[in-house]
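**Student:** Please see the structure below; I have some questions.
The values are calculated or read from the model by the stated rules, or taken from the named source; none is laboratory data. Keep in mind that this is a model prediction, so the values were computed, not measured. All Cβ positions, even for glycine, are placed from backbone atoms using ideal geometry, and neighbour counts span all protein chains on display.
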Amino acid sequence: MCSIFHSIRVVICYCIFCLESVLICIIAIILGFTFPKAKVFDKIHQIWGASLFWLLQIPVQPLHIQLPGPGPYIIMANHQSNLDPPLLLWKIHLKLRFITKIELFWIPLFGLAMWAAGHVPIQRSNHQKAVISLAKAAQKICEGTSILVFPEGTRSPNPNELLPFKKGGFMLAIQSQMPILPIGIVGTGDCLPKHTWQIQPKPIQLCIGTPILTQGLKPEDRDTLMEKVRQQIRELRNQASNAMITKDIEHV
């Protein structure tokens, strides 16, 4: 019986969130094509992300959430779930835009809102177009916008394992000479695993690391930078996981 009530509540919450998302998309489209540099986009992102976790009653336990400075940064995080983007939009209080697969921009209304808000599509199957997308992202960074990259490229089916990293984000970091801000996320894969929309309201932990400088780095330093970021994200994820276990023990 409890399971039935939970499923009904989740469906109702999804419906409310979808209606809210439609409204926010319409507002974003109007603002994007009228006032393309409006700062209100950042607040819209935060409200949209916060409302999802509030509606689904998913507890978020941030650890080391204090940002080291105003940025801009190239933010890199591990990727477990579709909950990761709204989580970061909610918790990272920066002018933040994504580099994400172009297929998301084909979603009716939502895709147009992403265009209007200034998110950057990338077509991974076309190297030339991917390079153009990275150049657009570099320009946004120069204008003060932080860029979010999931270096794994897609969601990992195993929350305990990092997939191989894609190279594009690291070339962007070297090209722009902007610091990389590593982030470890734990719990989103348990709340909403890959290949399902069945929500389980389990705790999520978020841990922000120390910026990794890229000034003076050259393209030949890419692989070394990639491994350094990978190690940092793995350590941050472990810190977040250990903090979650400690809190669980304290509540026993």
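**Student:** I'd like to know if the range 116-128 contains one or more residues that are at negative phi, surrounded by 19 or more Cβ atoms within 10 Å (Cβ to Cβ) and among the β-branched types (Val, Ile, Thr).
**Tutor:** Within the range 116-128, one or more residues are at negative phi, surrounded by 19 or more Cβ atoms within 10 Å (Cβ to Cβ) and among the β-branched types (Val, Ile, Thr).
**Student:** Which number in (1) surrounded by fewer than 20 Cβ atoms within 10 Å (Cβ to Cβ); (2) farther than 20 Å from residue 137 by Cα marks the one condition that residue 70 misses?
**Tutor:** Here residue 70 clears every test but (2).
**Student:** Check 113, 77 and return the single one that is under 10 Å from the mean Cα position of the chain (by Cα), of a type in the set (Gly, Ala, Ser) and buried (at least 21 other Cβ atoms within 10 Å of the Cβ).
**Tutor:** 77
**Student:** Still on this structure, I have one more. Mind checking which residues of the range 205-229 are under 27 Å from residue 168 (Cβ atoms), in contact with a strand residue (DSSP E or B) (Cβ under 9 Å, 6 or more places away or on another chain) and outside any loop (DSSP other than H, G, I, E, B)?
**Tutor:** 206, 207, 208, 212, 225, 228, 229
**Student:** May I ask you to list the residues in the range 157-184 that are more than 25 Å from residue 138 (Cα to Cα) and in contact with a helix residue (DSSP H, G or I) (Cβ under 7 Å, 6 or more places away or on another chain)?
**Tutor:** Within the range 157-184, 159, 162 qualify.
**Student:** Could you identify the single residue in 215, 200 that is within 30 Å of residue 18 (Cα to Cα) and surrounded by fewer than 18 Cβ atoms within 10 Å (Cβ to Cβ)?
**Tutor:** Going through 215, 200 in turn, the sole match is 200.
**Student:** Out of 104, 87, 94, I need the residue that is of a type outside the set (Ser, Thr, Tyr), touching a Ser or Thr at 6+ places or on another chain (Cβ under 7 Å) and assigned to a helix (DSSP H, G or I). Which one?
**Tutor:** The conditions single out 87.
**Student:** I've got another one for you. When you scan the range 174-202, how many residues do you find that are part of a loop (DSSP other than H, G, I, E, B) and either at pLDDT 90 or above or at positive phi (or both)?
**Tutor:** Within the range 174-202, residues that are part of a loop (DSSP other than H, G, I, E, B) and either at pLDDT 90 or above or at positive phi (or both) number 5.
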